[in-house]
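Accompanying notes for the structure given below.
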Amino acid sequence: MSKRFAILVLGVVALAGCNSEASRSVGGGDVLAAAGIPGAVASTALSEQDSTPLVARRVWAGPDVDMLGAPSPDGRQLTFVDWSTGDLAVRDLSTGAVKHLTDKGSWSESEEFAEASVISPDGRRVAYAWYDGLWTYELRIMDIEGSAPRILFRDETLGYLEPYDWSPDGSQLLAFLSGGESTELVLISVSDGSVRVAKSLGWRHPANADFSPDGRFIVYDREVDPDSRDRDVYVISTDGGHEVLLVEDPGVDYVLGWAPDGKHILFASDRTGTLGAWMVPVADGEATGPSKLIRPDIWGLYPIGFARNGSYYHGVSLSTADVHVAALDLDTGELLAAPAPVSDRRFGNRGSPEWSPDGRYLAYFQRGSMGGRIRDHRTTISIRSVENGETRDITLNLENLRMIRWSPDGGHLLFWASDRERRRGLFQVDVQTGEFEASLHLEDGQAAWWAEWSPDGKTIYYRVNEGDEGRIIARHVANGRERVLYRLTLPRGITWSVDTSPDGQQLAWFEYDGEHADSVVIRLMVAPTAGGAPQEVHRHGPDEGFPGSLMWSPDGQKLIYLFFFMDGSPPSVWSLPLRGGAPEKLNLTVQGMSALSLHPDGRRIAIGAGQSEGEIWVMEGFLPGDGRGE
């Protein structure tokens, strides 16, 4: 249930979870895409030594585009995740026909879902990551024509698992494992699931890795330094005895794939100022000549993989996110000022807005991105002055930031994040000095995305899920002592949406109850922060939808919340009077709304909104000869 809610609210994920990418047709390709015919553009390699023609075609555009799959060896099919259910599926790129390979049921029936997948060299099997809904990843294998999946590898200590490639003989899988403070490139036996470490990476996470066609080497990329966004490309022997720095250049370089001819490695680089596709000739795992630019200006390129004929498939991320501010009358529900973006669009991916307690500042995240799998591991919190629009940035060496909450005195910001050792926890940053520290760390198997200060700043309330249980916890700031206020076990659970009343006396939250789509109800609950029986103040019926941001009005008389409807209606904002009455829909709509923050004056509202968009393209004709190496 929580995963279904997360998808509705956040759309794309990117790394551990949903990376579903909707799509947008561009320019003259609109008519072609609508007719099911891929658009095409011609290009040439920009190299003094080579003028090999290149053709790039869009092969998939639509709201169900996903980039977590791989092409079949003949290039006719592409595996992907159908995020309407979380199932692994395969798409015929010529006809558009889709076949589900798994059948897990609806989100209300199961929180499990598929992630990254790769197809075997003979095209008969697919290996894929599977999240079991209880914070554990598995590596599974099944026949692509349909069969019961086989669990090849499972480790409950893992925070993430991703298969990258099959060995050419189909006997091993190259995968990335992340757990605790370690990350590793590993080789997993397809026959018995045994694991051999190919490379220990510390805190690093490759964007991609690939076998050489003869199976002797592995190409991968990694971050250069914890304090730098730069990446380089390396080649290691599969026995781990030999490693070569293949591509070293200031900026971001990451692997796209090892060409089927065995003589070239394709990689992405922003060395010219914009991201482009480059190729370096290789022999025996080492470069034999300079790198050549194959295709310029492909910002947002997401690596997918080569087909046997040398065609290269990749995604293009078109996703955007920004923060808007509007004004409305909570009593009448009328819009007083239309939503307008607050930023000057210096860089994108803004979200999680939050007003300061005095209303003078607006804080929000700005996440740097190369698109696709590559993100700047640093995140910026921007603090914007309401009076003059000046913005001050605090850059943090943290990842996966979620939710901002100002301390009551305005001196600190509270948020969830992961540090460079992959430890997830609740952090605070001093808004004046930019210094940050962890307030608490989550244990393995725990997940939490919401926290809130008490009005006096002495207590932090947070919600944590662990196994079948959800808890709301009060944590004393000074001594770290905790007490559980409320506890629910499946089939009941607490959603991400919780808030503290202005006087600090009450908590409000949404909870769900039920396991199946025809029976799940969503309840809006209010309860004392001191503990006591919760009171249901409103209920949404079975399969009606799921809530997002939840806020008390400044006078404590209303609850304002965002709701996502299952009938396809746009998300909307509602006001519920606590003295009785039904929720009233407010006249506020921004496409892709995902988060709200109400100004202390009760009139202005900050909105996090964005669109998850993407396309699948294929590049052809850029390898010497037929590109197959046969």
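The values are calculated or read from the model by the stated rules, or taken from the named source; none is laboratory data. Worth saying up front: this structure is predicted, and the values here are computed from it rather than measured. Positions of Cβ are backbone-derived with ideal geometry, glycine not excepted, and every protein chain shown enters the neighbour counts. In case anyone asks, the SASA skips ligands and DNA or RNA and just uses the protein heavy atoms, side chains included. Shrake-Rupley method; radii C 1.70, N 1.55, O 1.52, S 1.80 Å.
Quick check: with the 1.4 Å probe, what order do Leu245, Leu588 take by accessible area, largest first?
Ranking Leu245, Leu588 by accessible area, largest first, yields Leu245, Leu588.
Accessible area per residue, 1.4 Å probe, Å², for the stretch 241-374: what's the number?
Normalised by residue count, the accessible surface of the stretch 241-374 is 36 Å².
Binning at 10 Å from 0, report for the stretch 398-449 what percent of all alpha-carbon pair distances ends up in each bin.
In order of increasing distance, the bins hold 26, 56, 17, 2 percent.
Given a 1.4 Å probe and the protein chains all in place, what does the accessible area of Lys104 round to, in Å² to the nearest 10?
Here the accessible area works out near 30 Å².
Starting from 0.36 nm per residue, how many nanometres of slack lie between Asp74 and Gln535 once their C-alpha separation is accounted for? Present the calculation step by step, with values, prior to reporting the outcome.
Values: separation 461, 0.36 × 461 = 165.96 nm, distance 5.91 nm.
Contour length minus the Cα-Cα distance gives 160.1 nm.
Farthest toward the dipole's positive end in the chain, which of Trp416, Gly541, Val520, given Cβ charges of +1 (Lys, Arg) and -1 (Asp, Glu) about the Cα centre?
Of the options given, the answer is Gly541.
With a 1.4 Å probe and all protein chains kept in place, how much accessible area does Ile151 have, in Å² rounded to the nearest 10?
Ile151 exposes around 90 Å² with every protein chain in place.
Give the residue from Met566, Ser553, Val590 lying farthest towards the positive end of the charge dipole for the stretch 552-630; charges sit on Cβ (+1 for Lys and Arg, -1 for Asp and Glu) and the dipole is referred to the Cα centre.
Ser553
What order do Trp574, Trp83 take when sorted by accessible area (1.4 Å probe), most exposed first? Before the final figure, lay out the partial values.
On the way: Trp574 50, Trp83 20 Å².
My answer, sorted largest first, is Trp574, Trp83.
For the charge dipole of the chain, defined by +1 on Lys and Arg C-beta atoms and -1 on Asp and Glu C-beta atoms about the Cα centroid, which residue among Pro491, Trp107, Ala327 has the Cα displaced farthest towards the positive pole?
Ala327
What does the highest-first list of 122-133, 400-411 look like by mean Cβ count within 10 Å?
122-133, 400-411
Whenever you get a sec, compute what percent of the accessible area on the chain sits on carbon and sulfur atoms (1.4 Å probe). Don't skip to the answer; put the middle values down first.
Values: 11420 of 24740 Å².
Carbon-and-sulfur percentage of accessible area, whole number: 46.
Taking the Cα centre of the stretch 490-530 as origin, work out the dipole magnitude from +1 charges on Lys and Arg Cβ and -1 charges on Asp and Glu Cβ, in debye rounded to 20.
Here the size comes out at about 60 debye.
Tell me the mean residue ellipticity at 222 nm calculated for the chain from its helices only (DSSP H runs of n ≥ 4, each -39500 (n - 2.57), averaged over every residue, nearest 500). Numbers along the way, then the final one.
On the way: 2 runs with 15 residues, N = 630.
That comes out to -500 deg cm²/dmol.
How would you classify the stretch 64-206 from its alpha-carbon gyration tensor, with a ≥ b ≥ c the square roots of the eigenvalues: rounded for a/c under 1.5, else prolate if a/b is greater than b/c, otherwise oblate?
Because a/c hits 1.5 or more and a/b fails to exceed b/c, the stretch 64-206 counts as oblate.
Match the structure shown to one of the listed values (i) 26.0, 88; (ii) 36.5, 131; (iii) 24.8, 76 of Rg and Dmax of the Cα atoms in Å, computed from it, and give that label.
Computing Rg and Dmax of the Cα atoms in Å and matching it to (i) 26.0, 88; (ii) 36.5, 131; (iii) 24.8, 76 gives (iii).
Please report, in debye to the nearest 20, how large the charge dipole of the chain is about its Cα centre when each Lys and Arg carries +1 at its beta carbon and each Asp and Glu carries -1 there.
Once rounded to the nearest 20, the dipole reads 760 debye.
Do you know the relative contact order of the chain, to the nearest whole percent, from alpha carbon pairs under 8 angstrom that are 6+ apart?
12 percent
Would you work out the charge dipole size for the stretch 250-321 about its Cα centre, treating the Cβ of every Lys and Arg as +1 and the Cβ of every Asp and Glu as -1, and quote it to the nearest 20 debye?
That gives a dipole near 160 debye.
Given a Förster distance of 60 Å, report the FRET efficiency between Arg579 and Thr395 from their Cβ-Cβ distance, rounded to the nearest 0.05. Present the calculation step by step, with values, prior to reporting the outcome.
Working: r = 45 Å, r/R0 = 0.75.
Efficiency, from the Cβ-Cβ distance: 0.85.
Per the Kirkwood definition applied to all pairs of different Cα atoms, how many angstroms is the hydrodynamic radius of the stretch 246-340?
One decimal place: 16.2 Å for the Kirkwood radius.
Would the stretch 146-253 count as rounded, prolate or oblate if I go by the C-alpha gyration tensor, calling it rounded below 1.5 in a/c and otherwise prolate when a/b exceeds b/c, oblate otherwise? Can you show the working numbers first?
On the way: a/c = 2.18, a/b = 1.42, b/c = 1.54.
Oblate.
Could you report the accessible area of Arg483 in Å², rounded to 10, computed with a 1.4 Å probe on the protein chains as they sit in the structure?
Counting only protein heavy atoms, the figure is 110 Å².
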